[in-house]
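The values are calculated or read from the model by the stated rules, or taken from the named source; none is laboratory data. Quantities reported herein were computed from a predicted structural model and do not represent experimental measurements. Backbone-built Cβ (ideal geometry, glycine too); neighbour counts: all protein chains shown.
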Amino acid sequence: MRSLLARLRDFRVWCLAGAAVLSAAALTAPTVRMNRSVYHYFIVFDITQSQNAEDYVLDGKPVSRLAFAKHAARAAIRDLPCGSSVGIGLFSAYDSSDMAMMMGDEGGWSARMPREPSVLAPLFGPIEVCRNFFAIDRTIQAIDWRMAWSDASDITGGLYATINKAKALNGRTKVVFFTEGEPYVAYGGGDNFRPFSGAKREVKGLLVGVGGLVPAQIPKFDDLGNRKGFLATRSRLDESFLRRLEAETGLRYVRLLSAAQFSADLRAAEFAEREEVDVDIRLPLGALALILVLLAVLL
């Protein structure tokens, strides 16, 4: 009996010693080199006025298209394997030279601005999702419609600019572009569709349709962000227009229905890259240390 107790005591000591070693190892932020499927994305959110239309439901409450797109993106990025990378951008539309004049800087800042439509604002390029998860997540959480620099939306120009940006980053970055797809015609202008000058499917990715098929009211806000009724124009998901862009660019069109569905779309095999990557093993080391502590306490 005494021998059994001694052995049990020794077992507990070894468990606690092992837990201490594993905990110390986890504090050094260790990694192991692994060959695995990873994903690289440049994700762009449409932040124009129509994204304020509330035709989604989240936790039993109506939410805007932008809010639901952000929710789906944050959940999907959480599901990506370590070694994957994500960059974030915003889509709106305004002639940058006009913007400079509006800011009262005709000779200084405006002189450095490109004299072409600025439809895309990259926030940061692709960064690794595990080491930088909180930075990515908080950036997406902070995206707001008030960041928009125009009410109208040149969707064609925004998508093409996104593809060109992804192409310039490297040869492996895929595109994710959230929009409801309504061209200028819905706001009293003309259809802004035009041919894509690049090679079809040279850049892969997802064209994500947000919103409902039934026209929804667009909330109107004052300068302080307080809701003041609705705009006269209603907005809906224009799948036919997005299908035209899908055929033109070779991107895959998907409709945003749920966070789980979008996460699965983001991890599709066609977008995976097989690479040697450094994988953070702090979590498994910490889990093993906890198991050893529990064994020492419970036995």
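Residue-by-condition table, conditions (1) surrounded by 16 or more Cβ atoms within 10 Å (Cβ to Cβ); (2) assigned to a helix (DSSP H, G or I); (3) modelled with pLDDT under 80:
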| position | (1), (2), (3) |
| --- | --- |
| 88 | yes, no, no |
| 91 | yes, no, no |
| 105 | no, no, yes |
| 156 | yes, yes, no |
| 165 | yes, yes, no |
| 189 | no, no, yes |
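Going by the conditions given, is residue 72 under 10 Å from the mean Cα position of the chain (by Cα) and modelled with pLDDT of 95 or more? Yes; evaluated as a whole, the condition is true for this residue.
Yes/no per residue for (1) over 20 Å from the mean Cα position of the chain (by Cα); (2) surrounded by 14 or more Cβ atoms within 10 Å (Cβ to Cβ); (3) aliphatic (A, V, I, L, M):
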residue	(1), (2), (3)
203	no, yes, yes
218	yes, yes, yes
225	yes, no, no
228	yes, no, no
231	yes, yes, yes
236	yes, yes, no
246	no, yes, no
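Scanning segment 16-29 for residues that are more than 38 Å from the chain's Cα centre (by Cα) and more than 13 Å from residue 287 (Cα to Cα), we see that the one that is surrounded by the fewest Cβ atoms within 10 Å (Cβ to Cβ) is 17. Identify the residue in segment 248-260 that is of a type in the set (Gly, Ala, Ser) and assigned to a loop (DSSP other than H, G, I, E, B) and, among all such residues, is surrounded by the most Cβ atoms within 10 Å (Cβ to Cβ). Step by step, filter segment 248-260, then rank; the result is 250.
Select from segment 32-89 the residues that are among the hydroxyl-bearing types (Ser, Thr, Tyr) and within 30 Å of residue 232 (Cβ to Cβ) and list them in ascending order.
Looking only at segment 32-89, we keep the residues that are among the hydroxyl-bearing types (Ser, Thr, Tyr), and these are 37, 39, 41, 48, 50, 56, 64, 84-85.
48, 50, 56, 64, listed by residue number.
Considering only residues of segment 34-61 that are surrounded by 24 or more Cβ atoms within 10 Å (Cβ to Cβ), in a strand (DSSP E or B) and not hydrophobic (A, V, I, L, M, F, W, C), which is modelled with the lowest pLDDT? Restricting to residues being surrounded by 24 or more Cβ atoms within 10 Å (Cβ to Cβ), in a strand (DSSP E or B) and not hydrophobic (A, V, I, L, M, F, W, C), the top hit is 46.
Output the number of residues of segment 261-283 satisfying the condition of being of a type outside the set (Asp, Glu), surrounded by fewer than 14 Cβ atoms within 10 Å (Cβ to Cβ) and in a helix (DSSP H, G or I). Lay out the reasoning, then the answer.
So in segment 261-283, the residues of a type outside the set (Asp, Glu) come out as 261-264, 266-269, 271-272, 274, 277, 279, 281-283.
Subset that is surrounded by fewer than 14 Cβ atoms within 10 Å (Cβ to Cβ): 264, 269, 274, 283.
From what is left, the residues that are in a helix (DSSP H, G or I) are 264, 269, 283.
Within segment 261-283, residues that are of a type outside the set (Asp, Glu), surrounded by fewer than 14 Cβ atoms within 10 Å (Cβ to Cβ) and in a helix (DSSP H, G or I) number 3.
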